[in-house]
Amino acid sequence: MSLSARLAIESRWITTDVINIAVLPYLAVRYGVDNIPTTVVNGRKACVGTLSEDDFVQAILATAAAREAASRA
Amino acid sequence: MELLSEQQRQLLRERLHDLSNPVTLLYYTPDVASAATRAERMLLEEVARASDLLHLEILADRWDAAREDAVGIARTPAIVLRADEDFGIRYYGAPDGYELEAFVGVIRAVSEGRSALSEASRTRVRQVVAPLHIEVLIAPT
């Protein structure tokens, strides 16, 4: 099952879109997608490929933190 | 051509017949239907037939910015999965092919209202106290 959906179920702060790029190809261009699945957090690419639960959660939270830090800078 | 294989129909029957709580699939169609969106609608109808606790609502009106904003969708076609609670899970594009199994898993989890994450992951996720939006880009299979 989709790990991003699990995170959304777990936290009211987390939402997720599962996007088939055949329907919205411009998003693949916007995010520079060259492999599938590609996961984006708050507009920033977080990880590519299928990760373990631990690695996925790590990638999501680290990317969100980096995005937050960048927006403050 | 058959929309689903017998194996996929069996997956729907086995995984969805015993849902614990009702789940609603809201399908927001685009203003102009295409072969892809007609197939997506047929797929959702097949999925919804697998359980009496699955309800499919087709919203085929024209784009209504206020309504769509309230639901939190930015484009169509869009699928919203929700139980009594809306967990903020949206699909854009048909969850067909290999994605169907994951979609069924999400329906079950929404029905149960349980993430089934490990305790370690749950502890880390609880530290999130600001909006965090995850987009997962997949490809048709």
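Assorted remarks:
- Failed criterion for B:A66 (all others in (1) over 14 Å from the mean Cα position of the chain (by Cα); (2) part of a helix (DSSP H, G or I); (3) away from every other protein chain (no Cβ under 12 Å); (4) at pLDDT 90 or above hold): (4)
- When the range A:35-73 is filtered for residues that are surrounded by 12 or more Cβ atoms within 10 Å (Cβ to Cβ), over 17 Å from B:V128 (Cβ atoms) and among the hydroxyl-bearing types (S, T, Y), only A:T38 remains.
- Restricting attention to the range A:27-42, the residues that are at the interface with chain B (Cβ under 8 Å from one of its Cβ atoms) and not hydroxyl-bearing (S, T, Y) add up to 8.
- Selection of first residues in the range B:55-74 that are of a type in the set (V, I, T) and of second residues that are assigned to a helix (DSSP H, G or I), restricted to Cβ pairs under 6 Å at least 6 apart or on distinct chains, gives an empty result.
- Residues in the range A:40-59 that are touching a helix residue (DSSP H, G or I) at 6+ places or on another chain (Cβ under 7 Å) and under 14 Å from A:S4 (Cβ atoms): 8 in all.
- Test: residue in the range A:40-54 that is within 10 Å of the chain's Cα centre (by Cα), touching a residue at least 40 places away in the same chain (Cβ under 8 Å) and outside any strand (DSSP E or B): no
The values are calculated or read from the model by the stated rules, or taken from the named source; none is laboratory data. Since this is a predicted model, take the numbers as computed values, not measurements. Quick reminder, even Gly has a Cβ in these numbers, built from the backbone with ideal geometry, and neighbours come from all protein chains shown.
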